[in-house]
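The values are calculated or read from the model by the stated rules, or taken from the named source; none is laboratory data. Fair warning: this is a prediction, and the values are worked out from it, not measured in the lab. Positions of Cβ are generated from backbone atoms using ideal geometry, with glycine treated the same way; all protein chains shown enter the neighbour counts.
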């Protein structure tokens, strides 16, 4: 359904006789995502699905887990599409002749059509990725998703920063894809199989150490490539630059959508490895299986390598994301390091792989999606409000800005005193930042609590202490943003002669009207963050049932 919709939209763009406004393309794309989510929900039958249904000759496997996160991905993607601010900025020029580039600065509608198509393609790749049960489809789905985000990062081709971000993302992302492809090739060359279930079954009973070592090496390479793509430390250096140089509406997509699907792939692989390791431990207790006992030692060592790799990456992500975030003055770079710190918590839950940690993992991913999405949507609206003020418009006429980034907030200091001008948006941003910091009783506190509880219960005391310390330290740079929001801005500067000349020749009427859709989305997300403690049963029961079903299967 998604593929057919994308083809129809591409044909509609190519035909000159069909004239559809860019805003309508965004709305059509978001409706297509919502309809796809409705079809997924309609096909949601727990009893018939069971442990999974293979489709397309076993290339994909539909499970309870994949269907639920299909709905999460589709809903998140539709919200990001709908949330592109539709702001009517009335500008009347009587006596001043503005150049063509200045007119382009006031509108980014030319990019909305491309944005909606690429978003649908990237979403299709994410949906295919989490359902992949074959090395070939896993890699192709990952690349389909990755090419979408590469293009999104460099969507604003008139912006040097956006082109630089897209090129950097493409080159380093391609390197990660090559590492993943090498890992898949090693696994195939040693096992002769591409179906993941067949590979797991073979590894659980094989008595050839060479095959086990080849599988372990290929698996480690796949893990490294996937960790690179989610910007976990020490493979994180590309993320702050790409997030900061891309337009904020693009950064919103980059920080959320690719990470959800890749986390789920890591979870699926780690869960199956853990299952094989548990089976081998049971067989090891049987004295008649001497050959299996020898292999168990070899495979358990490879299992420990994958687990230790996740723990090391989690530790470095927690430390680097927190410490380097303290020195940031640009808000998107700060949120990039904040994302790296959150990745550390998710990887910790992923490495533990117990019943409680699976529940904590699912809950943290959902919480991370809601909080990050709401934070970036608020920052986007702040950018439109601040950058479209009268003074900033005059300055944009005097100094030619880059198209696509003229409505972005770059420095944290640009938010100074916004509480006194936009109190509602400031309070909602404060709630999101408190949730990221883990302040009770917001939803972010409970997500960190669940991860720490599962870590302590399974004996990971050192990682728990580090996670608690970095959570306390990271609260300082969230409080820095809140302090600037509530600081009164002193207007000590005067208009220059050139600015006054423009004002005298300019009949300016500015009315910034934010659509009710944006207000409704931000209000809903903020209430879910703020009022989670009043009605937690819906989300908690869902994650508990899902974790129990996954753990038992």
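Things worth noting here:
- Of the residues 315, 266, the single one that is in a helix (DSSP H, G or I), closer than 22 Å to residue 175 by Cβ, at pLDDT 90 or above and out of contact with any strand residue (DSSP E or B) (no Cβ under 7 Å at 6 or more places or on another chain) is 266.
- Scan of region 230-251 for residues that are buried (at least 24 other Cβ atoms within 10 Å of the Cβ) and over 12 Å from residue 333 (Cα atoms), ordered by number: 230, 231, 232, 233, 247, 249, 250
- Residue check for residue 215: modelled with pLDDT under 90 and in contact with a helix residue (DSSP H, G or I) (Cβ under 6 Å, 6 or more places away or on another chain): yes
- When the residues of region 396-431 are filtered to those that are assigned to a helix (DSSP H, G or I) and under 23 Å from residue 245 (Cβ atoms), the one that is modelled with the highest pLDDT is 429.
This table checks each residue for (1) surrounded by fewer than 18 Cβ atoms within 10 Å (Cβ to Cβ); (2) assigned to a helix (DSSP H, G or I); (3) modelled with pLDDT of 90 or more; (4) touching a strand residue (DSSP E or B) at 6+ places or on another chain (Cβ under 9 Å).
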| site | (1), (2), (3), (4) |
| --- | --- |
| 464 | no, yes, yes, no |
| 473 | yes, yes, yes, no |
| 479 | yes, yes, yes, no |
| 483 | yes, yes, yes, no |
| 493 | yes, no, no, no |
| 510 | yes, no, no, no |
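- The residue pairs whose first member lies in region 356-385 and is free of Cβ contacts under 8 Å to residues at least 12 places away in the same chain and on the phi < 0 side of the Ramachandran plot, whose second member is buried (at least 24 other Cβ atoms within 10 Å of the Cβ) and in a helix (DSSP H, G or I), and whose beta carbons are closer than 6 Å, counting only pairs six or more residues apart or on different chains, do not exist in this structure.
- Helices (runs of 4 or more DSSP H) contained in region 127-237 and holding at least 1 residues under 30 Å from residue 39 (Cβ atoms) and over 23 Å from the mean Cα position of the chain (by Cα): 135-153, 196-205
- The residues listed here are 142, 128; of these, the one that is within 18 Å of residue 76 (Cβ to Cβ), at pLDDT 90 or above and touching a helix residue (DSSP H, G or I) at 6+ places or on another chain (Cβ under 8 Å) is 128.
- Any hit, region 181-188, residues being more than 28 Å from residue 343 (Cα to Cα) and surrounded by fewer than 21 Cβ atoms within 10 Å (Cβ to Cβ): yes
- Of all residues in region 8-40, those being farther than 22 Å from residue 517 by Cβ, modelled with pLDDT of 75 or more and touching a helix residue (DSSP H, G or I) at 6+ places or on another chain (Cβ under 7 Å) number 2.
- When 5, 51 are checked against the criterion of being at pLDDT below 80 and not in a helix (DSSP H, G or I), a single residue qualifies: 51.
- Single residue of 305, 253 found to be modelled with pLDDT of 85 or more and either under 14 Å from residue 223 (Cβ atoms) or within 34 Å of the chain's Cα centre (by Cα) (or both): 253
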